[in-house]
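Participant: Here it is, the structure, as structure tokens.
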Amino acid sequence: MQNKLLLKHLSALSGPQLRLHPEFVAPILHPLQDQLSVLFDRTGMDFPETWHCRDDELCVQSEQDLFNFCDQSLDWLCQVSRLPRIRRGSAEQTAQQVAERFEKLRTAIPLSITNNGIWMRRNAFCDGLL
Amino acid sequence: MFGRGITGRKIFEDYISRSGRNFCVAPPCMDILNYAERIQTLEHIFFGKARVELFPFAPHLFPDKRVVVHVRRTRQLDLPADAIRRTPASLNLPTFTLLYAYRQHIL
């Protein structure tokens, strides 16, 4: 089950779309292209994957790119988790602090009612996301 | 409705959202939804080709970018507008980096 409440919370943070470098996506390229060609034959509709990144576009190619946090997201996370500002260090150190604040945010999400009406902590049934 | 999850980005996003930790677009054990196969099953085994209508999941094609509104209109369903709930269709880069860091450090 997805943690829709947390996703909704996270959606407050704006920013560019996640884009992946074609080399990263390469392992699943063939299965996807096979599917797309079958679907195109069946429907006449093209459903293009953007396989090529322009040089001027932000594009995730290495894991290090995912530890490149923008100031806006760090500030936002500290604000909503009510924890002190993150002191940038190595990628590892910064990511550790991010994880601590993210955990605080996750566990701080208020009690909510499940579909069957039983009160429980939201994070107890959000295994889909976290 | 097809297409959601058919891009590498969406597959990687789903993998990390669902407790994945590795920097790979999809682990070998992860099933990637095969739309072509599933549609053929729907057409040939369950409903028949004439009764299966395909539409790409592309928010820009939906009124107000809302898929439920699209289905409601095209199928003329009597769904009250205020009962429609929205959830984010995908995570942007800043949000995804936070989630990825969390995955690496919190078991």
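We did not get these values from a lab; they are worked out from the coordinates using the rules stated. Just so it is clear, the model here is predicted, and its values are computed rather than measured. Positions of Cβ are backbone-derived with ideal geometry, glycine not excepted, and every protein chain shown enters the neighbour counts.
Participant: If each of A:SER11 and B:ILE84 carries a label point 7 Å out from its Cα toward its Cβ, how far apart are those two points in nm?
Facilitator: For A:SER11 paired with B:ILE84, the spin-label model returns 1.2 nm.
Participant: Looking at chain B as a GNM with Cα springs under 10 Å, which of B:VAL67, B:VAL25, B:VAL52 has the largest mean-square fluctuation?
Facilitator: Per the Cα network of chain B with a 10 Å cutoff, B:VAL52 tops the list.
Participant: Mean separation of Cα pairs under 8 Å and 6+ residues apart, divided by the residue count of segment B:8-105: what relative contact order is that in percent? All intermediate terms of the calculation are to be shown ahead of the outcome.
Facilitator: Values: 42 pairs, mean separation 32.3, N = 98.
That works out to 33 percent.
Participant: If packing is taken as the average number of other Cβ atoms within 10 Å across a peptide's residues, how do B:59-65, A:99-105 rank, most packed first?
Facilitator: On the way: B:59-65: 11.3, A:99-105: 19.6.
Packing order, densest peptide first, comes out as A:99-105, B:59-65.
Participant: Helix B:8-17: angle to the longest alpha-carbon principal axis of chain B, degrees 0 to 90, nearest 10?
Facilitator: 60
Participant: Kindly identify segment B:26-72 as rounded, prolate or oblate by the Cα gyration tensor criterion: order the square roots of the eigenvalues as a ≥ b ≥ c, call it rounded if a/c is under 1.5, otherwise compare a/b with b/c, prolate if a/b is larger, else oblate. Before the final figure, lay out each step's value.
Facilitator: On the way: a/c = 3.43, a/b = 1.19, b/c = 2.88.
Because a/c hits 1.5 or more and a/b fails to exceed b/c, segment B:26-72 counts as oblate.
Participant: Estimate the FRET efficiency between A:CYS70 and B:ILE106 by the formula 1/(1 + (r/R0)^6), using the beta-carbon distance for r and 30 Å for R0, to the nearest 0.05. Let's see the in-between values first.
Facilitator: Details: r = 21 Å, r/R0 = 0.70.
Calculated transfer efficiency: 0.90.
Participant: Separate question: Please state the charge dipole magnitude for chain B, taken about the Cα centre, from unit charges on C-beta atoms (+1 on K and R, -1 on D and E), reported in debye and rounded to the nearest 20.
Facilitator: Numbers: 16 positive and 9 negative charges, 34 e Å.
With only Lys, Arg, Asp and Glu charged at Cβ, the dipole is about 160 debye.
Participant: Compute the signed sum of charges (Lys and Arg +1, Asp and Glu -1) over the other residues within less than 10 Å, Cβ to Cβ, of A:ARG82. Numbers along the way, then the final one.
Facilitator: On the way: positive: A:ARG101, A:LYS104; negative: none.
The answer is +2.
Participant: Turning to a different aspect of this structure: Is the shape of segment B:23-107 best called rounded, prolate or oblate, per the rule: a/c under 1.5 gives rounded, else a/b larger than b/c gives prolate, else oblate, with a ≥ b ≥ c the square roots of the Cα gyration tensor eigenvalues? Spell out each step's value before the answer.
Facilitator: Details: a/c = 2.98, a/b = 1.36, b/c = 2.18.
It is oblate, given that a/c is not under 1.5 and a/b is not larger than b/c.
Participant: Also: Only Cα pairs within less than 10 Å get springs; with that Gaussian network setup on chain B, which residue of B:ALA83, B:ALA26, B:ALA58 has the largest fluctuation?
Facilitator: B:ALA83
Participant: What does the charge add up to near B:GLN104, with Lys and Arg as +1, Asp and Glu as -1, over the other residues with Cβ less than 13 Å from its Cβ? Walk me through the numbers before you get to the answer.
Facilitator: Values: positive: B:ARG21, B:ARG103; negative: A:GLU63, A:GLU92, A:GLU100, A:GLU103.
Around B:GLN104, the surrounding residues sum to -2.
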